[in-house]
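The values are calculated or read from the model by the stated rules, or taken from the named source; none is laboratory data. Note that the structure is predicted; figures quoted are calculated from it, not measured. Quick reminder, even Gly has a Cβ in these numbers, built from the backbone with ideal geometry, and neighbours come from all protein chains shown.
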Amino acid sequence: MASQSANPGTEAAFLGAIDAALPLGPEAIEEEVVLLFDEYRVRLLRYVLSLGICAQDGEDVIQEVFLSLFRHLCLGRSRENLRGWIFCVAHNLALKQRNKNKRQQQRAVYEELALEKQLDPAADPEEQLAINERQMRLLQVVNALTEADRWCLYLRAEGLRYREIAHTLGLSLGSVANSLGRSIQKLARADER
């Protein structure tokens, strides 16, 4: 017959270790995710905004990050370095959102150019050809710019100040000034042709 444990403290510690090793239930995981959300939301938002997405998109990205975290933990996946995991997922989702926004913005530019062509019936075919060639030349220059230069130019065209652009893109003020200077020079040279 088995004897009673001589040390009840050891048995309690052993049972506690077993409980800690078992996966948490959805309620406990939800509570943990809410605590992590409260702790990291502001820092994550600041980080994803520095990647060049708007605040509304940033909030959506953060919600998606914590929903993914909840799924990750419910599936019993690794809990090692959750802070790093959260920032990595936020980074990837923010870049996807930025690329989606970029495609939408380029589509809007093309649609705007098409609309402008339709709104100018007074231009004769030669003038229209010259206007179209100029627009295509300038658009080619813009498309040939580096991503950072293009974003600086777009943000400046939206009326943002250099400091705001620097903050949005996570660049130094000098980098923004250099970027805009290069871009404007390239556009001016293309416009002289």
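Can you say whether residue 169 is buried (at least 17 other Cβ atoms within 10 Å of the Cβ), in contact with a Phe, Trp or Tyr (Cβ under 8 Å, 6 or more places away or on another chain) and either touching a residue at least 60 places away in the same chain (Cβ under 8 Å) or charged (D, E, K, R) (or both), as far as the supplied structure shows? Write out each step before concluding.
Details: buried (at least 17 other Cβ atoms within 10 Å of the Cβ): yes; in contact with a Phe, Trp or Tyr (Cβ under 8 Å, 6 or more places away or on another chain): yes; either touching a residue at least 60 places away in the same chain (Cβ under 8 Å) or charged (D, E, K, R) (or both): yes.
Against the criterion (buried (at least 17 other Cβ atoms within 10 Å of the Cβ), in contact with a Phe, Trp or Tyr (Cβ under 8 Å, 6 or more places away or on another chain) and either touching a residue at least 60 places away in the same chain (Cβ under 8 Å) or charged (D, E, K, R) (or both)), residue 169 qualifies.
Considering each of 79, 83 in turn, give the residue that is touching a Leu at 6+ places or on another chain (Cβ under 9 Å), closer than 30 Å to residue 32 by Cβ, in a loop (DSSP other than H, G, I, E, B) and of a type outside the set (Phe, Trp, Tyr). If you could, list the steps in order and put the result at the bottom.
On the way: 83 fails: in a loop (DSSP other than H, G, I, E, B).
Answer to the selection: 79.
Within the stretch 111-134, identify whether any single residue is part of a helix (DSSP H, G or I), in contact with a Phe, Trp or Tyr (Cβ under 9 Å, 6 or more places away or on another chain) and modelled with pLDDT of 85 or more, and answer yes or no.
The answer is no; no qualifying residue exists.
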Do we find a residue being closer than 26 Å to residue 155 by Cα, assigned to a helix (DSSP H, G or I), β-branched (Val, Ile, Thr) and touching a Lys or Arg at 6+ places or on another chain (Cβ under 8 Å) anywhere in the stretch 48-55?
no
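Please determine, by comparing only the residues of the stretch 1-54 that are among the hydroxyl-bearing types (Ser, Thr, Tyr) and modelled with pLDDT under 55, which one is surrounded by the most Cβ atoms within 10 Å (Cβ to Cβ).
Out of the qualifying residues, it is 5.
With among the charged types (D, E, K, R) and loosely packed, with under 11 Cβ neighbours inside 10 Å as the only criterion, which of 127, 192 stands out?
Among 127, 192, only 192 is among the charged types (D, E, K, R) and loosely packed, with under 11 Cβ neighbours inside 10 Å.
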Those residues of the stretch 135-158 which are of a type in the set (Asp, Glu) and modelled with pLDDT of 85 or more, in sequence order
147, 149
Scanning the stretch 73-106 residue by residue, the ones that are closer than 19 Å to residue 48 by Cα and either hydrophobic (A, V, I, L, M, F, W, C) or surrounded by 15 or more Cβ atoms within 10 Å (Cβ to Cβ) (or both) total 14
Between a residue in the stretch 45-62 that is outside the structural domain of residue 149 (by TED's automatic domain parsing) and any residue that is part of a loop (DSSP other than H, G, I, E, B) and buried (at least 19 other Cβ atoms within 10 Å of the Cβ), which pairs come within a Cβ distance under 8 Å, given they are 6 or more apart or on different chains?
61/53
Somewhere in the stretch 144-157, is a residue exposed (fewer than 12 other Cβ atoms within 10 Å of the Cβ), over 21 Å from the mean Cα position of the chain (by Cα) and assigned to a helix (DSSP H, G or I)?
yes
Test residue 161 against the stated conditions and say whether it is modelled with pLDDT of 85 or more and of a type in the set (D, E, K, R).
yes
